[in-house]
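The values are calculated or read from the model by the stated rules, or taken from the named source; none is laboratory data. Just so you know, these numbers come straight off a predicted model, no measurement behind them. Methodologically, a virtual Cβ is constructed for each residue, glycine included, from the backbone with ideal geometry; neighbour enumeration extends over all protein chains shown. Accessible surface areas use protein heavy atoms only, side chains included; no ligands, DNA or RNA. Shrake-Rupley method; radii C 1.70, N 1.55, O 1.52, S 1.80 Å.
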Amino acid sequence: SYHQMADFYKRIIETYMAKVPAAQQWGITLWCPTDAPAGSGWRAGEPVGIWDQNYYRKHVYAGIADGLSGK
């Protein structure tokens with residue numbers, strides 16, 4: 001579900017912040033900002049982004065923001 005994916009991303013970021021020393025934290029890369037369009041060469045039509053194709057935030061966005069904020 002969407003809420004489970006948000007929790008998953010939150011846990012990944014929390015673990016990164018807890019396990020990687022601050023001096024070695026250089027950034028977190030998200031592969032796709034938006035979901036892949038049907039004609040995409042990579043994971044066509046898949047919900048891989050943190051925004052949908054119309055740039056509406058998905059639940060995953062909140063999970064990432066919560067993970068980064070320490071909520």
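Kindly indicate whether G70 is more than 17 Å from S1 (Cβ to Cβ) and not charged (D, E, K, R).
Criteria met by G70.
Does region 1-16 hold any residues that are open to solvent by less than 80 Å² (accessible area, probe 1.4 Å), touching a residue at least 12 places away in the same chain (Cβ under 8 Å), farther than 15 Å from K58 by Cα and not aromatic (F, W, Y), and which are they?
Of everything in region 1-16, those that are open to solvent by less than 80 Å² (accessible area, probe 1.4 Å), touching a residue at least 12 places away in the same chain (Cβ under 8 Å), farther than 15 Å from K58 by Cα and not aromatic (F, W, Y) turn out to be I13, E14.
Name the residues in region 31-59 that are open to solvent by less than 70 Å² (accessible area, probe 1.4 Å) and either among the basic types (K, R) or part of a loop (DSSP other than H, G, I, E, B) (or both), would you?
Correct list: C32, D35, A36, P37, S40, A44, G45, V48, G49, I50, D52, K58.
Name the residues in region 29-50 that are in contact (Cβ under 8 Å) with a residue 12 or more places away in the chain, within 16 Å of F8 (Cα to Cα) and of a type outside the set (G, A, S), would you?
Passing the criteria: L30, W31, P47, V48, I50.
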